[in-house]
Amino acid sequence: MNRVLIKNAKIVNEGTIFEGDVLIENDLIVEISESISAKSSECKIIDAEGNYLMPGAIDDQVHFREPGLTHKGDIESESRAAVAGGITSFIEQPNTVPNAVTQVLLEEKYQLAADNSFANYSFMMGATNDNLDEVLKTNPKNVAGIKIFLGSSTGNMLVDNEVILERIFASTPMLIAVHCEDEMTIKNNLEKYKAEYGDQVPVTAHHLIRSEEACYLSSSKAIALAKRTGARLHIFHLSTAKEMELFTNKIPLEDKKITAEVCVHHLWFTNDDYATKGNLIKWNPAVKTENDRKVLWEALVDGRIDVIATDHAPHTLEEKKKSYLEAPSGGPLVQHAVVAMFEAFHQGKITVEKIVEKMCHNPAKIFKIEKRGFIKEGYYADLVIVNSGLPWSVKKENILYKCGWSPFEGFTFKSRITHTFVNGQLVYSAFKVKDIRAGKRLLFNR
């Protein structure tokens with residue numbers, strides 16, 4: 001039997017922090033108490049005194065690049081980085097190659113993860129203009145949801161047929177997650193900048209090309225469609241202050257039919273950072289203004305935004321060093337997301353309880369994930385110990401992403417992950433990931 005006793009931790013769960021012990025047996029949390037004795041010499045004891053014990057973070061939006069794009073990342077490399085960063089479960093997007101737009105292709109990804117993932121995993125089914133029959137075959141018990149791209153961030157997965165879009169919204173009972181940017185607005189903006197700069201459009205124009213208007217037009221339309229059809233809508237990576245008026249904190253999360261996510265990079269960077277970071281912070285939707293960032297933080301804290309995620313999307317440095325028009329959008333984040341939010345805690349922007357709510361509890365609630373996202377007896381032992389006073393600097397040699405770089409390179413974080421458990425297995429300790437692929441397929445209560 002695998003038995004681990006975590007002693008003297010500052011346990012963060014459901015809006016409270018209390019000092020106590022947690023006993024793990026095999027893959028489950030079996031006891032939580034002020035004091036637990038080991039009762040057996042076989043029991044491994046970890047003294048977490050002074051440190052936070054939180055549920056493993058659940059990242060509801062990643063791109064791990066397998067199959068088809070494995071020169072940038074793969075399930076093994078990126079899930080290893082995730083557990084080092086305190087993320088114990090991920091939901092991956094369908095724009096791999098080939099796109100996961102049939103049930104057969106979707107299940108092939110699950111098999112890859114079963115063999116290779118350090119973290120728990122689920123994969124979104126992708127919608128296109130012509131695969132509604134396949135979308136409707138998706139099993140709500142073991143697939144996280146349906147992903148629709150309403151902006152062509154990703155090649156040929158843009159869904160722009162209004163009739164099909166309405167049919168998907170009206171006919172699937174599953175959660176629909178959307179990338180919202182208005183394609184025509186972006187094209188018109190891009191032509192304007194090309195007319196001025198030719199092929200040398202600067203990256204500093206990115207947030208003006210993929211503009212506030214492009215985001216708001218698309219997200220407001222998606223919300224109107226969801227309200228009309230009764231669909232369960234989750235909007236990914238919101239980036240503008242204007243969009244925040246579309247969401248409410250007047251009802252409990254469990255009663256919301258429309259939920260909202262923000263990503264770490266939109267909370268951290270602004271358009272001022274393009275001057276020094278360039279294409280390394282080129283994301284879709286774009287990092288926008290200081291005011292956008294300020295209002296996103298306000299909406300996150302007051303409950304209009306429900307989830308913090310990463311949109312982890314690695315590209316090689318060689319790809320990122322191309323000109324603005326040629327460089328792909330996206331960047332790697334899973335190893336540094338939790339400590340980035342703890343940095344915001346040190347800055348007084350957010351409490352530790354609220355970090356856990358937005359990165360652990362709420363993703364579990366929104367997707368109805370079985371027995372994860374909380375520190376509760378009978379739940380899976382996906383747990384993370386964080387030392388909030390252990391500074392470390394992000395350097396090439398400690399970056400675990402296959403692409404080998406991070407937008408945080410050179411930054412010194414005040415907090416560090418010291419231990420990560422996945423299904424009761426200690427997969428990360430002494431600042432190293434052990435060769436234990438403990439991840440399981442996520443299941444859903446629906």
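The values are calculated or read from the model by the stated rules, or taken from the named source; none is laboratory data. Since this is a predicted model, take the numbers as computed values, not measurements. Cβ coordinates were reconstructed from backbone atoms using ideal geometry, including for glycine residues, and neighbour counts include every protein chain displayed. The accessibility values were calculated without ligands, DNA or RNA, using every heavy atom of the protein model including side chains. Shrake-Rupley method; radii C 1.70, N 1.55, O 1.52, S 1.80 Å.
List of remarks:
- Val295 satisfies every condition listed in (1) touching a Pro at 6+ places or on another chain (Cβ under 9 Å); (2) part of a helix (DSSP H, G or I) except (1).
- Elements of the type strands (runs of 3 or more DSSP E) sitting completely within region 1-98 and holding at least 1 residues that are of a type in the set (Phe, Trp, Tyr) and open to solvent by less than 10 Å² (accessible area, probe 1.4 Å): these cover 87-92.
- Region 13-32: number of residues that are within 15 Å of Tyr379 (Cα to Cα) and of a type outside the set (D, E, K, R): 9
- Some residue of region 224-241 being among the basic types (Lys, Arg) and within 18 Å of Thr185 (Cα to Cα): no
- Test for Ala224: is it open to solvent by 10 Å² or more (accessible area, probe 1.4 Å) and part of a helix (DSSP H, G or I): yes
- So Asn398, is it of a type in the set (S, T, N, Q) and under 30 Å from Asp21 (Cβ atoms): no
- Hits in region 313-340 - residues which are within 14 Å of Val62 (Cα to Cα) and open to solvent by 20 Å² or more (accessible area, probe 1.4 Å): Ser329
- Residue that is nearest to Phe247 (Cα to Cα), among those in region 258-283 that are assigned to a helix (DSSP H, G or I) and without any contact (Cβ under 8 Å) to a residue 60 or more places away in the chain: His266
Yes/no matrix, rows are residues, columns are (1) of a type outside the set (A, V, I, L, M); (2) open to solvent by 10 Å² or more (accessible area, probe 1.4 Å); (3) under 30 Å from Lys321 (Cβ atoms):
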{"site": "Glu212", "(1), (2), (3)": "yes, yes, yes"}
{"site": "Ala241", "(1), (2), (3)": "no, yes, no"}
{"site": "Glu261", "(1), (2), (3)": "yes, no, yes"}
{"site": "Tyr274", "(1), (2), (3)": "yes, no, yes"}
{"site": "Ile281", "(1), (2), (3)": "no, no, yes"}
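- So Leu246, is it touching a Gly at 6+ places or on another chain (Cβ under 9 Å) and open to solvent by 10 Å² or more (accessible area, probe 1.4 Å): no
- Hits in region 35-75 - residues which are farther than 30 Å from Ala9 by Cα and among the acidic types (Asp, Glu): Glu66, Asp74
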